[in-house]
Amino acid sequence: GSVSCDSVVAQGREAGRFRSERDAQTLGVPAGSIFLVRRTATDWTHDGLVVQSHADTFDTIEGNTNDDGGREGFEVCARSRNYVGKDFVLLG
């Protein structure tokens, strides 16, 4: 575990539990997985938990956010996000 999104991705890859945006849209994402917002090919800036996945979106619970979906917020929010710019680490 880590509080660094980049470290979470590295650990997920090492454990064979990383799922890219493209694979997530094709294969789906199990509830309880971590989603990560990708800024560049090697930098992720925000994460949260997947509650349920759908064909084009997934539902989340995420902390340190706000109503606009930013990463430097002050509350915990439930929201629906699309897959664009997101990668995943499967925990279940």
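How many residues are of a type in the set (Phe, Trp, Tyr) and within 16 Å of Glu62 (Cα to Cα) when one looks only at the range 1-42?
The number of residues fulfilling the criteria is 1.
Could you pull out the residue among Thr45, Thr57, Thr40, Thr65 that is over 20 Å from Val8 (Cα atoms) and among the polar types (S, T, N, Q)? Break it down into steps so the answer makes sense when it comes.
Working: Thr45 fails: over 20 Å from Val8 (Cα atoms); Thr40 fails: over 20 Å from Val8 (Cα atoms); Thr65 fails: over 20 Å from Val8 (Cα atoms).
None of the other options fit; the residue is Thr57.
Go through the range 41-52 and report how many residues are open to solvent by less than 20 Å² (accessible area, probe 1.4 Å) and among the small types (Gly, Ala, Ser).
Looking only at that region, the number is 1.
Residues that are in contact with a Lys or Arg (Cβ under 9 Å, 6 or more places away or on another chain) and not basic (Lys, Arg): does the range 68-78 have at least one?
yes
Within the range 1-27, how many residues are small (Gly, Ala, Ser), out of contact with any Lys or Arg (no Cβ under 8 Å at 6 or more places or on another chain) and within 15 Å of Gly85 (Cα to Cα)?
Total meeting the criteria: 1.
Select from the range 53-75 the residues that are modelled with pLDDT of 80 or more, surrounded by 15 or more Cβ atoms within 10 Å (Cβ to Cβ) and of a type in the set (Ser, Thr, Tyr) and list them in ascending order.
Scanning the range 53-75 gives Ser53, Thr60.
What is the residue count in the range 1-40 for residues that are open to solvent by 60 Å² or more (accessible area, probe 1.4 Å) and in a loop (DSSP other than H, G, I, E, B)?
Summing the residues that are open to solvent by 60 Å² or more (accessible area, probe 1.4 Å) and in a loop (DSSP other than H, G, I, E, B) in the range 1-40 gives 6.
Please work out which one of (1) closer than 15 Å to Leu91 by Cβ; (2) at pLDDT below 95; (3) assigned to a strand (DSSP E or B) is the condition Ala78 fails and give its number.
(1)
Could you list, in sequence order, all residues of the range 76-92 that are under 14 Å from Val8 (Cβ atoms) and either among the hydrophobic types (A, V, I, L, M, F, W, C) or open to solvent by 40 Å² or more (accessible area, probe 1.4 Å) (or both)?
Listed by number, the residues that qualify are Phe88, Val89, Leu90, Leu91.
The values are calculated or read from the model by the stated rules, or taken from the named source; none is laboratory data. Computed from a predicted model, the values in this text were never measured in an experiment. Neighbour counts run over all protein chains shown; Cβ positions are idealised from the backbone, glycine included. When the accessible area is computed, the model is the full protein with side chains, heavy atoms only, and any ligands, DNA or RNA have been set aside. Shrake-Rupley method; radii C 1.70, N 1.55, O 1.52, S 1.80 Å.
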